[in-house]
1. Measuring from label point to label point, each 7 Å out along Cα→Cβ, what is the LEU263 to ALA57 span in nm?
2. Residues of the chain: accessible area per residue at 1.4 Å, in Å²?
3. May I ask for the net charge around SER208, where only other residues with Cβ less than 10 Å from the Cβ of SER208 are counted and Lys, Arg are +1 while Asp, Glu are -1?
4. Can you tell which of ALA68, ALA173, ALA88 shows the greatest fluctuation in a Gaussian network model of the chain with Cα springs below 10 Å?
5. May I ask you to compute the full-extension gain from GLU114 to GLN65, defined as 0.36 nm times their residue separation minus their alpha-carbon distance, rounded to one decimal in nm?
6. With the full set of protein chains in place, find how many percent of the accessible area of the chain is carbon and sulfur; take the probe as 1.4 Å.
7. Which far-off residues, 5 or more places away or on another chain, put their amide H under 5 Å from the one on VAL269, with H placed in the peptide plane?
8. Using 10 Å bins from zero, what percent of all Cα-Cα pairs in region 27-85 falls into each bin?
Amino acid sequence: MHSRSCPQAVTAAILLLASALVSAENKTVVYTVNYPLQYFAERIAGDYADVIFPVPAGIDPAFWQPDAEAIAGFQAADLILLNGAGYAKWTSRASLPRRKLVDTSAGFRDKLIENTDRIAHSHGREGSHSHAGTAFTTWLDFSQAAAQARTIRDALTRLHPDGTDTLTANTLALEQELLDLDARLKAIVAGNPGKPVIASHPVYQYFSRRYGINLRSVMWEPDVVPGEDKWLELEQLLREHPAHWFIWESRPAPASLERLQQLGIQGTVFDSSANVPESGTFLDVMRENVKALDRIFRSPDSQ
């Protein structure tokens, strides 16, 4: 009896292996230009796709310049998720298959914000650039992030119509979490509307518009202690915008925090999470951001 069952077991194992190989071959390969899109796509796709975000850690994906190997990876993908809004300008110059491109912010193109700032500055390895043109951190308005997620769902559903129910359910779960944060932020700001806040960089345009934050931006890098000219500019700004809180994109130099405290200003981090965080997920980072904003708007200083 044992000898007769062995061929059956071998046959079953072969069939399982063949099924696994077919499943792997059927997986969609998705490339993304930033981490939020990678996170959304992974949450939505589940086992239907391998999602690849090739930008190295510590680099701002908006200004990353891919090498030939990285571009070849995008070209070979089944789906290329773009943020839109002028994000990752290299994509408009590279030879990428148009039929594979998905602009995830196309659905709210009429709501995009134009920047007027043309001051060039550097982000370490990314080199010199300015923030002129279209504001691109669209996902910091969580209602827009939910719209981007739905666009990803639609693109994946076209490739996997058999997975419509799963892809839809995954998207609804993600959307609910994003909209919960959206509602929380609205409630936080409503408790102290008009409170002046300063940001270290002009990347919070959609965030401040959506949640009604009285926000002004300077052009400071977290890891660089500003020169005296920057401090003089800040003091001038404070005369018309008397903020007691300063938002940084990432952890600032201690000397910058100390100097701000001398001016009666506290600092906190609100991370855009454009690249993969050191720990946790996109939503983990955003929940910490919401806590930071809650501290700002609960603080006793007010306009």
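1. 3.3 nm
2. About 50 Å² of surface per residue is accessible.
3. Working: positive: ARG209, ARG210, ARG216; negative: ASP141.
Within the 10 Å Cβ shell, the charges total +2.
4. ALA68
5. 15.4 nm
6. Numbers: 7900 of 15120 Å².
Carbon plus sulfur share of accessible area: 52 percent.
7. TRP248
8. For region 27-85, the binned pair fractions read 24, 57, 20, 0 percent.
The values are calculated or read from the model by the stated rules, or taken from the named source; none is laboratory data. A quick note: this is a predicted structure, and the numbers were derived from the prediction, not measured. Quick reminder, even Gly has a Cβ in these numbers, built from the backbone with ideal geometry, and neighbours come from all protein chains shown. For the accessible areas, the whole protein counts, side chains as well, though only heavy atoms, and no ligand, DNA or RNA atoms are used. Shrake-Rupley method; radii C 1.70, N 1.55, O 1.52, S 1.80 Å.
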